[in-house]
Structures are given as structure tokens and as C-alpha cells.
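This report refers to the structure that appears directly beneath it.
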Amino acid sequence: MPKLNSFFFIILFMTCFSPRSIFAEEFDQKESQLPADVSFVVVDIKYNAERGAQICEIQHGISSSFKGETFSNGGYSLIAQNLVKELDRFHERSWASNGAFFDPSLKQEFLNDRKWNVAQDFISITKNKQFLVHAAAPVYDPADLNSYHGFVIMRPGQIENRKSFRKKYPGIICIDNATYSNRKDKYKVTNLLMGDPSTEKHKPKWGLYSLENEEGLIERINKDIGSDLLVIKPLHGSLGNGVIILKKEDLQEALEYLFKRKPQGAPNIDPAYEFWLSCNSESFLVEEFIEVEPVSAPHLEGKLYSPTLRLAFLMIYNKKEIEIVCLGGYYSLPNKSLCEEGTLNERYKTTCQLPYYLKGDPEIMKLAEEQIKEVLHILYQKLLGLYILDIAESENLGNANALAIELL
């Protein structure tokens, strides 16, 4: 397992405060107390033969759907099985709330596992006598996952104040602590991939732009991205909502629509634009469109589709070491093949509906897995750096740490 760079956190902090401030010693002391973490993520990828794995999006695994993998495997999810297997390495008893899982296969796997107690809700968990005993038991080494006495998995938002949870139930470790604060913002996660050539090369060219109708915006976008096809994305959203694939010559018309924000109930609304009617964000993302090798879908008359590869990973920080485990993956397809008439969205954007899924190509999946593991190792270091600063802030170590979080 690769060692976590012990100087990483110091460098991270000094980036915000140069020359080294009086708070740096305080930070160094807190770094040594960085608790263990387990975070479950999924990565949506366009795999290009020349550029390798190109990351479309990184998001929380617990709130993701894996129905495509279940469909492709004939009714079972390897991702769900592997997730439970990996977590069971560490504890004999863990807890989850019934509403934690968006995906039914994931939920069923935890229900079937003898080491997991799936309760109706978080309140039910906190009333469980066994949970309370485990939660109050001492943790001799916070950096060692085996020093804790169980995991808990909650639906995002159920434990809004995770700092309070750590103090109230110190013997239990929440899944996704290091990734929780960045779970909704595509810009924050994308920006964390910048600053290192080894991660930047796996992200298509992109830019953040204002939804105000600024002069010269079209020219700036085309100069920044330099692609004949563009992808517009909201900062927040899931299941492809708000994602628009278009030709660069159609950018002016598309942005005029976004700027005007037609009222709800307006006639003749393109489904791809409906998300923006109620979007309150002041900014949006534009990305370079990535071409991929088409795949044949036998269950869809052998037609050729433009696939998006979804891989699931468990990121583990244990005993001051990082481990990245790939849990599995599959292809998501658009609702129209490349040979059919349709819009760019219909032929290139994942539809997230059955039966438009397919088993991934083993060779492509292996190549993508190796590349994304390297990316996630660096990303996880940054997320852990933010996490230790978050802990420091919660323990009232001064305004310097709070400022550091903003600057990072």
C-alpha cells in the first residue's frame, strides 16, 4: 500500500500561509491526529484511446444508482457485493439506516449481511443498545480503523453535523467523512484535480462561467475549451440533469436560453434544458467533449453506442496509509445509437434508463482502473487535508484554519 506523504499536509497549509505562520505548529500537531476514513465514490469516465481515462464526474457512491450493473449481470451487483466484503474486513458489527441507499441492490446486500444492522432511520440506530455500547467504547488509535467498533452509513443530510457525531459517538466511524463536504459541488471536486499534471491530464478542458450575460463570454468559452463540441453542466445535479451537449456554433442560442430562464410551464421546452428553469446557481461549467470508441450492444440489435464507463471505488485511509480499491464497473449508454437520427444529447448523453446498459470491456476497464486509482490517490490526499483542517476548526484552533479551508 502506498504511504501517505507525511509532508503533504504541511505543504497544503503553507500554501495558504506563507511565510509559515504561528498556527503551523498547531496544524502539524493536528495532522498526527487525523482519524481513519473510508469513502465510497463512483467515477464516470469517457475512455479515449489517445488520452486515456477522461473524468466526467466524481460523486458519492452511497447516493448513486447501480441498476445498470445489476441489469448487465442478470440481477446481481458485484459492486454491492465487493463493497460489503471490503467493509467487513474491519468490523464485526456496523449500522446503516434504511433510507441510506438509493440503489436497491446495494440496500439488499447490506440487509443480507450478518455483520450489518439496517435500522429504519438514524433515531432508531441511536436507540439501539448495542450501538450505544460500541459508540462509547474507547478508541486507542484514531488512525487505525480496527480501533473503532463499527461503521455507520447514513443518507446524505441525515447527519448534517458530522462534527457533533464524532464527539457524541466516538467509537463509531461514519462512512464518507473526508468526501462529505464536497458531495454536491462539481466545481469544487473538479478544481481539486487541478494543480498536478498527473491528475489534470485525466480531466477534459473545462471552465467555470457566470450565468450573467457577460460581454465576450462566447469568445472566451471557445478560446478556453477549443472544441467543436461542448458540454454544458450545472454545478449541482445528478442523473445527467441539466447536461447539454452541443456544437460550438449553437452555444450562443443555448446560453441565451439559460440566461433568460423561461418560466415554469413554458411550451416547447427541450427536456435537456428543463433543469435550468429551477436552477438557482449563478455559474455553470463548460467542458470539452470527448470522443470514445463505440461499443456494440447485443441486446439492442447489435447497434453501436457511445458508452460512458462507470467505476466504483472505496478510498481507505488506515494507519496513515491510503488504499484505493476498485469495486467494479459497467457501461451506461445513450437512448439512441450512433446510427439513429437524434440530437447530440440523445446519441451521446447517458440516459440512465433500462435497458441502456452493458457490461464493460474488461481490457478498457482495467486500463481505466489503473489510471483512475492514481488520480484518486492524489485527490484523496487533498480531501484528507481539507478534512483535518475541518476537524481543527471544529476544535476551535483559531481563524487560520477556517481561512485555510476557504483558500483551499
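The values are calculated or read from the model by the stated rules, or taken from the named source; none is laboratory data. Bear in mind that the values here come from a model prediction, so they are computed numbers and not experimental data. When we count neighbours, we look across all protein chains shown, and the Cβ atoms used for this are built from the backbone with ideal geometry, even at glycine.
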For the stretch 344-361, what are the residues that are farther than 22 Å from Lys248 by Cβ and of a type in the set (Lys, Arg)?
Lys359
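The rows are residues; the columns are (1) among the charged types (D, E, K, R); (2) at pLDDT 95 or above; (3) assigned by the TED database to the domain that holds Val84.
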| residue | (1), (2), (3) |
| --- | --- |
| Lys107 | yes, no, yes |
| Ile123 | no, no, yes |
| Gly150 | no, yes, yes |
| Glu160 | yes, no, yes |
Test result for Ser306, crowded, with 18+ Cβ neighbours inside 10 Å, touching a Leu at 6+ places or on another chain (Cβ under 7 Å) and at pLDDT 95 or above:
yes
Glu321: over 30 Å from Gly385 (Cα atoms) and not hydroxyl-bearing (Ser, Thr, Tyr), yes or no?
no
Of the numbered conditions (1) modelled with pLDDT under 90; (2) assigned by the TED database to the domain that holds Leu285; (3) surrounded by 14 or more Cβ atoms within 10 Å (Cβ to Cβ); (4) over 15 Å from Leu344 (Cβ atoms), Thr190 fails exactly one; give the number of that condition.
(2)
Got a number for residues in the stretch 37-71 being buried (at least 22 other Cβ atoms within 10 Å of the Cβ) and among the small types (Gly, Ala, Ser)?
4
Restricting attention to the stretch 32-77, the residues that are touching a helix residue (DSSP H, G or I) at 6+ places or on another chain (Cβ under 6 Å), part of a strand (DSSP E or B) and closer than 23 Å to Ser97 by Cα number exactly 0
